[in-house]
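Below: the structure, in structure tokens.
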Amino acid sequence: MNVSDIFELSKELFTSFEFWAGAVLLATFQVGKFGELNALDENLSGASLPVPNLGTKDFMGRNAYWLVLLIFVIVTFVGYLVLCIASPSVISGWLKVTTGVTEAEKITQAIESTPYSLFIAAAFMGLAHQAIPGVSNVANILRNWFHELFGVPRIVIATISYFDAQIVAQANTQNRLVTCFKKLSASEWVPQIEPYADVAFFRQQAARLNLDRAETREEIVQSGSVRELSKYIEQLVYISAIASVRKSGGAGLKRLAKDLGVDMPKVGTFKVPLGDIMFGLLTAVGGIVFLWLVIPILEPALRTALNREALIFWPNGDLALQYSGIYVFSNVVPVLMSLVLMLSLSRIHANKGDDIALRDLLIGNAGIFTLILFGVILFDYCQALLDYGLNQAAGNEGLWHFFSYWFPFNALHAFISVVICLAIMTHIVKKRAAVQSEMALTKGLFRLVVMTLPTAAFYALVRMFFVQKDMQAFDYLILVILLNVYAALLAFAIARSIERRHQVLKRQEKELKEATSKLVPAN
């Protein structure tokens, strides 16, 4: 494969007006998409939620919103860039396999003569459904995943429910409910919350409920039932809380709790948990860049250790850094991709004291592991098509030969990701079940390496025998083992970070529900 072609494509893209025009359009679209809430979110389905057309910013606060939005747009841009680089070459590779090199070159020229990057942006925005089925759903899936990751709108709504439960428990008579309603609807309430709340939003929503009119408020006080008063109080607390979050984020809820005369949930901080997410992101990016750079640096030391004048497959020479990037992309990215699938889709349950067997864990999550298996196989086929698209001499064997020849290698490569995810899931379950000793981390790492190393070694040996046809290429064996063990350790660190955030949120949600259920009004 001519690796420099990939970098030439990148240079052409970065100097292309169409590419940046598509990037700007896509970024604008994603900003709007991220600001929308998932209409099917169960947290928004309650009949007591009175405010329509709320957005993500209303449940995050300004600073957290813009920071997470920046990450969201960056992730989108990376995906857009990868598709713009890879898609034409993948299509060209497919055409070489199915139609031959000559016809593929003609169609490739036609593709290159059109603003292809604009087509990719349009596909993301749902304007090219028939051309790329399913791509238009990526924006919604990514948005929902980000919202779930950061507890939007779950955290704020759960806190508001806790406030409501305390108020109802305290104001358990008609007279007390009237007093509470007067406090929240009086003209003195807006100046009281103005330092930390968006009072313009509060006034707008109060007017929508007709509570800006003195006649309406007096009518509710004189003739409102206990149920009606409770409902209005709940609505006023809700819009007060949203107004507080809009201006001051999570800190606004604490100040509102003080003015309402209620307690914040005693389940830890309710700030958006950016720390663990940012750590996982930095670990992934930093780990990949470090490995990318260090592999060529290790070449002289490995050559001395193996007593070789030159290594066969280890990245070296003028294109060492480019080949190192290809190796890292081929071996590390599938593992991280599989980790995201596992953490996003699996529903891992473990009770304290449970010691779940590896076999039961594998059977219980067989669907997830099957999806990972086929996902990595598809990734490897796309990479092979990319190679064919960049290599003018490859891809003349026909469709059946292409799939049948590469399937055993791709399937074996996919099993490495399955094994790594299984080892990480085992560690997570044992951690949740609290059956581990103080050496749990060491045991988890040892289990991960023991399961990954032989699988990666077997994959490398198979490739050496059937593809490289050189069983003396020990540098390739070492390289594949190093890449996959490193990818496994990287995935382990990221999984622990995300799992920690997940457990904190779940524990807060559980404790909040338990605390709310105990706030039952006296008879």
If you check residue 262 against the conditions, is it part of a helix (DSSP H, G or I), over 31 Å from the mean Cα position of the chain (by Cα) and at pLDDT below 90?
no
Restricting to the stretch 193-218, count the residues that are among the hydroxyl-bearing types (Ser, Thr, Tyr) and either in contact with a strand residue (DSSP E or B) (Cβ under 8 Å, 6 or more places away or on another chain) or in a loop (DSSP other than H, G, I, E, B) (or both).
1
Looking at (1) open to solvent by less than 80 Å² (accessible area, probe 1.4 Å); (2) in a helix (DSSP H, G or I); (3) among the aliphatic types (A, V, I, L, M); (4) at pLDDT below 85, which is the one condition that is false for residue 190?
(4)
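Which one of these is modelled with pLDDT under 75, in a helix (DSSP H, G or I), of a type in the set (S, T, N, Q) and open to solvent by less than 60 Å² (accessible area, probe 1.4 Å): 76, 108?
On the way: 76 fails: modelled with pLDDT under 75.
The match here is 108.
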Counted residues, the stretch 226-243 - those being farther than 13 Å from residue 177 by Cβ and not polar (S, T, N, Q)
5
Only residues that are assigned to a helix (DSSP H, G or I) and either surrounded by 15 or more Cβ atoms within 10 Å (Cβ to Cβ) or free of Cβ contacts under 8 Å to residues at least 24 places away in the same chain (or both): list them for the stretch 166-181, please.
166, 167, 168, 169, 170, 175, 176, 177, 178, 179, 180, 181
Cβ-Cβ distance below 8 Å, separation of 6 or more or different chains: which pairs start in the stretch 276-300 with a residue that is part of a helix (DSSP H, G or I) and crowded, with 19+ Cβ neighbours inside 10 Å and end on one that is among the aromatic types (Phe, Trp, Tyr) and modelled with pLDDT of 80 or more?
287/486; 291/486; 295/314; 295/327
Inside the stretch 153-165, can you point out the residues that are closer than 21 Å to residue 225 by Cβ and either among the basic types (Lys, Arg) or open to solvent by less than 20 Å² (accessible area, probe 1.4 Å) (or both)?
165
Matching residues in the stretch 397-415 - criterion: being closer than 17 Å to residue 467 by Cα and either at pLDDT below 85 or not small (Gly, Ala, Ser) (or both):
397, 401, 402, 403, 405, 406, 407, 408, 409, 410, 412, 413
The one condition residue 497 fails out of (1) among the polar types (S, T, N, Q); (2) open to solvent by 20 Å² or more (accessible area, probe 1.4 Å); (3) at pLDDT below 85 is (2)
Listed by first then second residue, the pairs whose first member lies in the stretch 378-405 and is farther than 19 Å from residue 326 by Cα and of a type in the set (Phe, Trp, Tyr), whose partner is open to solvent by less than 70 Å² (accessible area, probe 1.4 Å) and at pLDDT 70 or above, with beta carbons under 6 Å and at least 6 positions apart or on separate chains, are 402/97
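The values are calculated or read from the model by the stated rules, or taken from the named source; none is laboratory data. Just so we're clear, the structure is a prediction, and the values are computed from it rather than from any experiment. Reconstructed Cβ throughout: ideal geometry from the backbone, glycine too, with neighbour counts over all protein chains shown. Please note that ligands, DNA and RNA were not included when accessible areas were found on the heavy atoms of the full protein model with its side chains. Shrake-Rupley method; radii C 1.70, N 1.55, O 1.52, S 1.80 Å.
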